[in-house]
Amino acid sequence: MAGRRFIVEADGGSRGNPGPAGYGAVVRDGDTGLIIAEAAEFIGHATNNVAEYKGLIAGLRAAREIDPGAEVDVRMDSKLVVEQMSGRWKIKHPDMQPLAAEAKTVLPRGQVRYTWIPRERNKDADRLANEAMDAGKAGKQWEPKAPKAAVPAAEPAAPLETAAPKAGWAAPADLGTPTTFVLLRHGETPLTPEKRFSGSGGGDPELSEKGRWQAERAAEAMAARGTIQAVVSSPMRRTRQTAETVAARLGLDVRIEEGLRELDFGDWEGLTFAEVQERHPADLDAWLASAKAKPTGGSESFTTLAHRVGVARDKILARYAGRTVLVVSHVSPIKTLVRLALGAPPDALYRMELSAAALSAVQYYTDGNASVRLLNDTGHLR
């Protein structure tokens, strides 16, 4: 039976470089993004690089203890360690060579992939490294805190709320082939022309006749494009119908990703904006003013949606690295993916138009950069 997928985030630090040093590492479940193991240690007098390598080794060992057959996506904000362990940079420093060699022996090479991430997206490992150094300063060793229930935070912290928006006009050649998301909003349903709220808490409508026609046109466009290598869809009926139409044309299967479902609009489901404004004016004003506000009777805000979509994005990136993936979803998740790629604030969601069956595209590079290549293209529907 195939092993599980883990995400290892590791970091190390030295107060003085060299100076008192420590490392931290977390292991996340690759499907849920939840932290399932932590490791940290004060290592005495050392450099930042030594501490970072020791953090990597500890994270890999923690993953191996849980499942030695797991596929592991290592994410670190140390460009040096990522590039050296990926084999793109030579390891010249004598202190680094034995540590890199040790890291390579923890798991088979084919099971581990390395990705650079910005420092702000590595806060859990950084926190643990600092806890270890604080413990060392007090003459102690780091000890894990009492385990918490394995549930996502109600309002996620910044690392899951933003993606690195640093891509320039083009990616450097040594970053390799980017992973491309071709984002397709589902075709029309009976609710779409009337601009009614239609989320994951309503009746899960099917495509209308026009929506099915739109899905066929999208399938033709993707067949002509000739680059789609996988199809991933929200679990909702309208997205599955759209995805299945395209996938059948391309000879591909559809993989369902729960994190791509639409926002739950609660009591607003099936209502127009004007009707919500009339019936729930205070809640609507709050929702438009803050990403943390929820629709009346709804279960999640745009902040929690961003967390969910961010986890789904990372799962797809880990599974289809370097490939072009058709991602079939809804207005809110697609706009959120674009917003995160741009590093834009939450209210940017209200400044994007996304038509039924429209195409958008985002490319993700191995150094953590993202680039929006297309937004709301409806040319295939004309």
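A few remarks follow.
- Under 9 Å, Cβ to Cβ, from VAL276 - net charge with Lys/Arg +1 and Asp/Glu -1: -3
- Under DSSP loop assignment and at most 12 Cβ neighbours within 10 Å, longest GluC sites (Glu not before Pro)-free interval of the chain: 1-193
- Other residues with beta-carbon under 11 Å from the beta-carbon of LEU263 carry, at +1 per Lys or Arg and -1 per Asp or Glu, a net charge of 0.
- Antiparallel DSSP beta bridges within the chain, percent to nearest 5: 55 percent
- Length gained when the stretch GLU65-SER86 is fully extended (0.36 nm per residue, less Cα-Cα span): 5.3 nm
- Beta bridges assigned by DSSP with both partners in segment 1-86 are antiparallel in approximately 75 percent of cases.
- Distant-in-sequence amide H partners of LEU271 (H built 1.01 Å from N, under 5 Å): PHE197
- Segment 214-282 and segment 85-142: distance between their alpha carbon centers, rounded to Å: 39 Å
- Modelled label reach - ASN17, point 7 Å along Cα→Cβ, segment 116-132 residues with backbone N closer than 16 Å: 119-120, 126, 130
- If R0 is taken as 56 Å, the Cβ-Cβ distance between LEU288 and GLN97 corresponds to a FRET efficiency of 0.50.
- Angle in degrees between helix 96-106 and the longest Cα principal axis of the chain, rounded to the nearest 10: 60 degrees
- Along segment 343-359 the Karplus relation, 6.51 cos²θ - 1.76 cosθ + 1.60 evaluated at θ = phi - 60°, assigns HN-Hα couplings of x, 8, x, x, 5, 5, 4, 7, 10, 10, 9, 9, 7, 4, 6, 7, 10 Hz to successive residues, with x for each Gly and Pro.
- Sites listed here are trypsin sites (Lys or Arg not before Pro) in segment 186-266 whose DSSP assignment is loop and whose Cβ has at most 14 other Cβ atoms within 10 Å: LYS195.
- To the nearest ten degrees, helix 331-342 and the longest principal axis of the Cα atoms of the chain are 40 degrees apart.
- Expressed to the nearest 5 percent, the antiparallel share of DSSP beta bridges inside segment 5-151 is 65 percent.
Just so you know, all these numbers are worked out from the coordinates, no wet-lab data involved. A quick note: this is a predicted structure, and the numbers were derived from the prediction, not measured. Positions of Cβ are generated from backbone atoms using ideal geometry, with glycine treated the same way; all protein chains shown enter the neighbour counts.
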